[in-house]
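The values are calculated or read from the model by the stated rules, or taken from the named source; none is laboratory data. Since the structure is predicted, the reported quantities are computational estimates derived from the model, not experimental observations. Using ideal geometry, Cβ is built from the backbone for each residue, glycine included, and neighbour counts are taken over all protein chains shown. The protein model used for the area step is the full one, side chains on, heavy atoms only, and it has no ligands, DNA or RNA in it. Shrake-Rupley method; radii C 1.70, N 1.55, O 1.52, S 1.80 Å.
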Amino acid sequence: MSIATRYRVKPGTSVDLSQWKTDDAEGVDRDEVEAKTEANTIAISELQHRLYAEHKRSLLVVLQAMDAAGKDSTIRRVFGRVNPQGVQVKPFKRPTEDELAHDFLWRVHQHTPRRGHIAVFNRSHYEDVLVVRVSNLVPEERWKKRFGVINGFEQGLINGGTEIVKIYLHLGKDRQREKLSERLTDPTKNWKFEAGDLATREHWEDYMEAYEDAITKCNTDDAPWHIVPTDRKWYRVHVISEIIRETLERMNPRFPEPKLDPVSAMKLLEQMR
Ligand code: AMP
Ligand code: MG
């Protein structure tokens, strides 16, 4: 079983996050794994180059996690080698007034990847069934209907040629405490700390329930969720690089046929001054 398959949620499974590991690196050789991660990031960059040349399909990577799980550093490590013209990272923050005046997908749809590109969502439309649910930002009868809306939306993207990979970075509650205290003790990390992080941590169990529900209800054959052990950075980055590489390899983008016959074009070029 590949690493990507190991952490993929089987369709039809009812997810209980307490049964999924937040650290699964026991007995894993760190040096060996880091060398593979390195190779994966190079492969991802080369595959994106082919995806761009092919200009037919695209890849959407959805990242969701509790605060301080390491989404940002994961993005830097996994996609840092991709041509900046070919990857767009979109962080979704608290919606603006204008965004709130529309349906919840309005702000999301315009950031889905164009052909040949990879889009990485740092948080996503799933916040609208997570924070929105836990903090009671809209009534239950409204967010409950969003699971079906999300599945339809994602299916529409897939029909249009977009591959979707969804990843939940599964952080342990104790590990979050360590990472939040680092943010308070390390002056170079103070800026990352927000009062909201504490409020969110206070509702940890509610969040776990909301994540379980969202992952269970929006885990389709075509757009599956992955639950990645996140407590150790090098292991998390490795697993996610494996998932992205495997997905792109399965897509197998190809260089297109030349637009005109290269031999006759070469003859024309040679005749020119
Ligand atoms: P961060 O990703 O840590 O910079 O924080 C972004 C914040 O925006 C998080 O607290 C999210 O919960 C919040 N956020 C993102 N999307 C939404 C949404 N649709 N409704 C309310 N809050 C959101
Ligand atoms: Mg934050």
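May I ask for the Rg/Rh ratio of the chain, computed from Cα atoms with Rh as the Kirkwood radius, given to two decimals?
Reported Rg/Rh, Kirkwood definition of Rh: 1.02.
Please report, in whole Å, how far the alpha carbons of region 161-220 spread along each principal axis, starting with the longest.
Extents along the principal axes, in whole Å: 44, 29, 18.
Within the set of other residues whose C-beta is less than 11 Å from the C-beta of residue 172, count the net charge using Lys and Arg as +1 and Asp and Glu as -1.
Neighbourhood net charge equals +2.
Pick out, from 150, 96, 80, the residue whose Cα sits farthest towards the positive end of the charge dipole of the chain, with +1 on the Cβ of Lys and Arg and -1 on the Cβ of Asp and Glu.
After comparing all options, I get 80.
Most mobile of 195, 68, 25 per a Gaussian network model of the chain (Cα springs, under 10 Å)?
Comparing 195, 68, 25 in a Gaussian network model of the chain, the most mobile one is 195.
So, with +1 on the Cβ of K and R and -1 on the Cβ of D and E, and no other charges, what is the size of the charge dipole of region 3-271 about its Cα centre, to the nearest 20 debye?
In debye, rounded to 20, region 3-271 gives about 600.
With a point put 7 Å past each Cα toward its Cβ, work out how far residue 192 is from residue 29 in nm, to one decimal.
Output for this residue pair reads 3.0 nm.
Using protein chains only and a probe of 1.4 angstrom, how many square angstrom of residue 2 are accessible, to the nearest 10?
Ignoring ligands and nucleic acids, residue 2 comes out at about 40 Å².
For the cross-link pairs 90/217; 90/233; 36/217; 71/259, which exceed 31 Å when the distance is taken from alpha carbon to alpha carbon?
Those over the limit are 36/217; 71/259.
Under 8 Å for C-alpha pairs, at least 6 residues apart: give me the relative contact order for region 3-271, rounded to a whole percent.
Relative contact order comes out at 36 percent.
Just to confirm the number: angle between the C-alpha axis of helix 146-159 and the first principal axis of the chain, 0 to 90 degrees, nearest 10?
Taking Cα atoms only, the helix is inclined about 10 degrees.
Straight-line reach only, C-alpha to C-alpha below 14 angstrom: list the aspartates and glutamates that residue 56 could link to, leaving out same-chain residues fewer than 8 apart.
163, 257
Before I look further, what does the chain give for accessible area per residue, probe 1.4 Å, in whole square angstrom?
Dividing the accessible area of the chain by its residue count gives 55 Å².
In whole percent, how big is the carbon plus sulfur part of the accessible area of region 1-158, probe 1.4 Å, protein atoms only?
Taking all protein chains in place, region 1-158 shows 48 percent carbon and sulfur surface.
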